[in-house]
Amino acid sequence: MLFQRFRAWIGQYRRRKIVSKAETEIQLFKDKGKNVFSPITYQNPYMIYMHKIIANVINQKKISYQQMELVIIDAEENKDQDDEDIQIVLDELNQQLNYLLMVTDRPEKYKTFADEMYEENGLIVQQIPKTVCQQARGNVILDFERSSGFFRKNPVDSKAIYLPIYKRPWEISENLDILVPVGYNTLVVGGILPADWLEYRYMNERDRLDREFRKG
């Protein structure tokens, strides 16, 4: 009887060790996956704060909204999430813009937005195809492409602010400052993320927007 109970205890112990080892290996795999950055799959978690980030960055660079000449490099293809990210930026900044240039091969995609901007704000949204993107003029460039070498292939004014949305990871420090990629450098932007950011950073975009709305 005692021997059977001992064997049962040994069996349970071994099963616990197997489960524990499997859980450890799964966690190591997840952690390893988190450290592998790919522009193709990267989702920028700070899109809903992009207008605040841009305001902070241009302030650090001594550029006012009146002086800001915004250039948006359109996404390479029709991807719902990328298109939503672009629309978030356009919707948040549309009242602040005095100049907007869309570098896109999908002009029909932005026709409604362009018409509304002209009717409501009197702003003519300029558009040029990507084949002549070297002609783009502006001092704030948001690059929504994932795989092209825009920054390497096209001369960017040394005073221009170039923000690659997906090509470099956007990270945060321990005190929740956002480490914003600007060209090949990094700019520290603080005072934007809420104190409970780490609790819901992995929510999808709609849930984050809903939470921000409810918080006012």
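Among the residues of segment 183-198, write down those that are in contact with a strand residue (DSSP E or B) (Cβ under 9 Å, 6 or more places away or on another chain) and open to solvent by less than 40 Å² (accessible area, probe 1.4 Å).
Answer for segment 183-198, where residues must be in contact with a strand residue (DSSP E or B) (Cβ under 9 Å, 6 or more places away or on another chain) and open to solvent by less than 40 Å² (accessible area, probe 1.4 Å): G183, L187, V189, G190, I192, L193, W197.
How about segment 98-150: which of its residues are among the hydroxyl-bearing types (S, T, Y) and touching a Pro at 6+ places or on another chain (Cβ under 7 Å)?
S147 - this is the single residue of segment 98-150 that is among the hydroxyl-bearing types (S, T, Y) and touching a Pro at 6+ places or on another chain (Cβ under 7 Å).
Output the qualifying pairs, or none if there are none: Cβ atoms under 8 angstrom, residues six or more apart or on different chains, first residue in segment 167-182 and open to solvent by less than 20 Å² (accessible area, probe 1.4 Å) and at pLDDT 95 or above, second residue of a type in the set (A, V, I, L, M) and part of a loop (DSSP other than H, G, I, E, B).
Cβ pairs passing all conditions: I178/I192; I178/L193.
I'd like the full set of residues that are touching a Gly at 6+ places or on another chain (Cβ under 6 Å) and among the hydroxyl-bearing types (S, T, Y), limited to segment 156-188.
Y162, the sole residue that qualifies.
Could you check, for segment 127-137, whether at least one of its residues is touching a Phe, Trp or Tyr at 6+ places or on another chain (Cβ under 8 Å) and at pLDDT 95 or above?
yes
Yes/no per residue for (1) open to solvent by less than 20 Å² (accessible area, probe 1.4 Å); (2) among the charged types (D, E, K, R):
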{"residue": "L70", "(1), (2)": "yes, no"}
{"residue": "D82", "(1), (2)": "yes, yes"}
{"residue": "D85", "(1), (2)": "yes, yes"}
{"residue": "D91", "(1), (2)": "no, yes"}
{"residue": "T104", "(1), (2)": "yes, no"}
{"residue": "E108", "(1), (2)": "no, yes"}
{"residue": "E119", "(1), (2)": "no, yes"}
{"residue": "I128", "(1), (2)": "no, no"}
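The values are calculated or read from the model by the stated rules, or taken from the named source; none is laboratory data. Please read these numbers as outputs of a predicted model, since none were measured by experiment. No Cβ is skipped: glycine too gets one built from the backbone with ideal geometry, and neighbour counts run over all protein chains shown. Side chains are part of the model used for accessible areas, which takes the heavy atoms of the whole protein and leaves out ligands, DNA and RNA. Shrake-Rupley method; radii C 1.70, N 1.55, O 1.52, S 1.80 Å.
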